[in-house]
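Read through the structure below, which is laid out as structure tokens, and then see the notes.
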Amino acid sequence: MKMQWIVNTLGIMLISLSLSAQVVSKDSLNMLKQQKESLEVSKRLNERKLELAKLENQVAEKTAEVAKTAEQAQKSADENGKAAAKLSNDAQDRKQAKRARKSANAAERDAKKARRAEDNLASLKKDIESLRSKIADDEGKLSSMN
């Protein structure tokens, strides 16, 4: 009998606990979801700003590389012109022909490096602009949330 009374008491306590559980309103759930979304946008915004700073730091390095490769390509082209001029004076000279061929290959290689450096710089600038527009979008979302 005592055992049944204890079991019934425990059952009533269990039922009363579930009935007195705190009810969370839909408004507070929506507010929590908005806060979570706001935090996610803020996190993404900070990550993008860090990435932008890193890319902007690379611009000076890439610009210097473009100038250096362009200068080297110009030097190679000038040397190639000189070698070609020497070869034109004596078209049968094998040594001059070999020098002209080597300088032409070097000029071609250097011109290719210069084009690649220019393409890399252009790509970097494009990435920076894309990142800036994404940052602006995220800042707009964040300001509209608050």
*asked:* So if I take the centroid of the Cα atoms in the range 54-108 and the same for the range 117-146, what is the distance between those two points in Å?
replied: 37 Å
*asked:* What is the angle, in °, between the Cα long axis of helix 26-89 and the longest principal axis of the Cα atoms in the chain? Nearest 10 is fine, range 0 to 90.
replied: 10 degrees
_Principal axis dimensions, the range 90-146 - Cα atoms, whole angstrom, descending_ = 80, 10, 5
*Provide the net charge surrounding residue 59, with neighbours chosen by a C-beta distance below 14 Å and charges set as Lys +1, Arg +1, Asp -1, Glu -1.*
-2
_Counted charge near residue 81, where neighbours are those whose Cβ lies closer than 13 Å (Asp, Glu -1; Lys, Arg +1)_ = +2
*Cα-Cα over 28 Å, subset of 68/95; 33/134; 62/134; 82/112; 75/98*: 68/95
*Within a Gaussian network of the chain (alpha carbon springs, distance under 10 Å), most fluctuating of 90, 78, 110*: 90
*asked:* Just to verify a number: FRET efficiency for residue 39 and residue 123, C-beta to C-beta distance, R0 = 22 Å, to 0.05?
replied: 0.10
*Set Lys and Arg Cβ to +1 and Asp and Glu Cβ to -1, take the dipole of the chain about its Cα centre, and tell me which of 66, 52, 5 lies farthest positive.*
66
_Candidates 121, 32, 50, ranked by Gaussian network fluctuation over the chain, Cα under 10 Å, top entry_ = 32
*asked:* For a quick check: sort 135, 15 by the number of other beta carbons within 10 angstrom, fewest at the front.
replied: 15, 135
*Extending each Cα 7 Å along its Cβ direction at residue 98 and residue 6, get the distance between those two points in nm, one decimal.*
10.6 nm
*Once you wrap a convex hull around the alpha carbon atoms of the chain, what is its projected area averaged over all directions, in nm²?*
18.5 nm²
*Give the calculated FRET efficiency between residue 134 and residue 78 to the nearest 0.05, with a Förster radius of 25 Å applied to their Cβ-Cβ distance.*
0.05
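Only the coordinates and a few stated rules stand behind these numbers; no lab work does. Since the model is a prediction, treat every value here as computed from it, not as a measurement. Note that we place each Cβ from the backbone using ideal geometry, even for glycine, and neighbour counts take in every protein chain shown.
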